[in-house]
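Peer 1: Questions regarding the structure given below will be posed in turn.
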Ligand SMILES: N[C@@H](CCC(=O)N[C@@H](CS)C(=O)NCC(=O)O)C(=O)O
């Protein structure tokens, strides 16, 4: 009997989206379980004992694979690629693998902190009746400019970050940018990056993982 794999997810979560994109790209047979995720102290399902037993961080995504419980979106992607031999998305050769995973670490440590902070300023603060901090936004946009140029150089004339095939690198980074327009992140100012993002958004996996009532 094949092992059941359960993906605990929230449709609006950009961290869940990168895993969801891989699942759709590879057409994996995975059960989805939607979690009512809320920020700390707001009574979300992610603060309940049952969920904290799966992930003590109280965050989605979580993947249950038989007896094993995995957390952290990029680590889950690595697991799925190894388990289902998805070599296109994460090559097995050491150098190629390291290049793809390098982008996944880069997304988590460089790009996402900048994009998430812009989301807080430009998207969340206005919904809470607070004024965005213009000086902070200026610093964040300067950091985004640095990140965008790093990506543009890597892309060069290639369609995807690691060459001719879409990989975990593109899925991880694309998901981090899913709210770019609502967060006023100026991807359109960088032609190479803009073309890459359009290419990603045109894929059926992007359409299939779009949160309800959201267009990009
Ligand atoms: N580094 C984690 C981040 C996960 C994360 O922050 N998930 C958010 C949803 S986008 C969450 O569950 N937030 C609930 C909370 O912080 O209380 C990953 O990549 O999986």
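Readers should treat all values here as calculations from the given coordinates under stated rules, not as data from a laboratory. What you see is a predicted model; the values in this text were computed from it and never measured. Positions of Cβ are backbone-derived with ideal geometry, glycine not excepted, and every protein chain shown enters the neighbour counts.
Peer 1: Translational diffusion coefficient of region 5-83 at 10 °C, 1.306 mPa s, Stokes-Einstein with Kirkwood Rh over Cα pairs, in µm²/s as a whole number.
Peer 2: 126 µm²/s
Peer 1: Run the quick spin-label model on residue 45 and residue 75: label points 7 Å from Cα toward the beta carbon, then report their separation in nm to one decimal.
Peer 2: Calculated label separation equals 2.2 nm.
Peer 1: For region 94-205, take the alpha-carbon Rg, divide it by the Kirkwood Rh, and send me Rg/Rh.
Peer 2: 0.99
Peer 1: Report the Cα-based extents of region 144-216 along its three principal axes, largest first, to the nearest Å.
Peer 2: 34, 27, 16
Peer 1: Also: Assuming 0.36 nm per residue, please report the length gained on full extension of the stretch residue 165 to residue 128 beyond their Cα-Cα distance.
Peer 2: Using 0.36 nm per residue and subtracting the Cα-Cα distance, I get 9.2 nm.
Peer 1: If we count other beta carbons within 10 Å of each Cβ, what is the order of 59, 125, 198, fewest first?
Peer 2: Least crowded to most crowded, the residues run 198, 125, 59.
Peer 1: For the chain, with a Gaussian network of springs between Cα atoms less than 10 Å apart, report the residue from 126, 204, 186 with the top mean-square fluctuation.
Peer 2: 126
Peer 1: Now, a different point. For the residues 7, 84, 34, what sequence is obtained by ranking on other C-beta atoms within 10 Å, fewest first?
Peer 2: Fewest to most other Cβ atoms nearby, the residues stand as 34, 84, 7.
Peer 1: Next question, about the same structure. Run the helix sum for the chain: -39,500 (n - 2.57) per DSSP H stretch of 4+ residues, divided by residue count, reported at 222 nm to the nearest 500 deg cm²/dmol.
Peer 2: -13500 deg cm²/dmol
Peer 1: Could you tell me what % of all Cα pairs in the chain have separations over 26 Å?
Peer 2: Across the chain, Cα pairs with separations above 26 Å total 36 percent.
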